[in-house]
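Take a look at the structure set out below.
Values in this text are rule-based calculations from the coordinates and carry no lab data. Note that the structure is a prediction, hence the values are computed from the model and not measured. As a convention, Cβ positions derive from the backbone with ideal geometry for all residues, glycine included, and neighbour counts pool all protein chains shown.
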Amino acid sequence: MIKKESKNDVRKKRHNRIRQTLSGTSTKPRLNVFRSNSEIYAQVIDDTTGNTLASSSSLALKLKNGGNIEAAVLVGKDIAEKCKKIKIKEVVFDRGGNLYHGRVEALAASARENGLEF
């Protein structure tokens, strides 16, 4: 009997395929987005050293409902402000294998509005 792949397995495959060509450097780090059912997370990562330079999440912001578009907008704003503090203007956007739609798109738009370029 053949086991059917879950949606998350398909997402992970897609993310691995994307990551083969996408990489962050110290001058242009990678903005990674992870979306769960109840929260959304964003990290700015320098792949050359493997360090996380900045991070934000709906959990860290203590939002009542972290799984909606409003929370994604607030996380995008927060990550952009943290990047400004450490003098990062340009990033490479990594959607984490998710569709560029809904919460992921809202986070990206909010980060762009608050000064990040990608």
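Take the residue pairs Lys62/Lys82; Lys13/Lys87; Lys7/Lys87 and return only those whose Cα atoms are more than 25 Å apart. In this structure, Lys13/Lys87; Lys7/Lys87 lie more than 25 Å apart at Cα.
Extension gain, Lys85-Thr21: 0.36 nm per intervening residue step, less the Cα-Cα distance, totals 20.2 nm.
As I understand it, the value is the acute angle between the Cα axis of helix 103-113 and the longest principal axis of the Cα atoms of the chain; what does it come to in degrees, rounded to 10? The helix 103-113 is inclined about 20 degrees to the chain. Ignoring aspartates and glutamates fewer than eight residues from Lys89 along the same chain, the ones with Cα atoms less than 13 angstrom from its Cα are Glu81, Glu113, Glu117.
Antiparallel versus total DSSP beta bridges in the chain: what percent is that, nearest 5?
Within the chain, antiparallel bridges account for around 75 percent of the total.
Once you reduce region 3-26 and region 88-118 to the center of their Cα atoms, the two points are 17 Å from each other.
So how strong a dipole does the chain carry about its Cα centre when Lys and Arg Cβ are +1 and Asp and Glu Cβ are -1, to the nearest 20 debye?
Numbers: 23 positive and 13 negative charges, 70 e Å.
Taking the Cα centre of the chain as origin, the dipole is about 340 debye.
Helix 69-85 and the long axis of the chain differ in direction by around 50°, with both axes built from C-alpha atoms.
Using just the helices of the chain, give the 222 nm mean residue ellipticity in deg cm²/dmol: DSSP H runs with n ≥ 4 each add -39,500 (n - 2.57), and the total is spread over all residues, rounded to 500.
Details: 3 runs with 41 residues, N = 118.
Result for the chain, helices only: -11000 deg cm²/dmol.
Rounded to two decimals, what is the ratio between the C-alpha radius of gyration of region 7-113 and 2.2 N^0.38 Å?
Numbers: Rg = 13.0 Å, N = 107, 2.2 N^0.38 = 13.0 Å.
Relative to the rule-of-thumb radius for its length, region 7-113 sits at 1.00.
So what's the angle, to the nearest 10 degrees on a 0 to 90 scale, between helix 7-19 and the longest Cα principal axis of the chain? Around 50 degrees separate the two axes.
Peptides 12-19, 77-84 ranked from most to least packed, by the mean per-residue count of other Cβ atoms within 10 Å: 77-84, 12-19.
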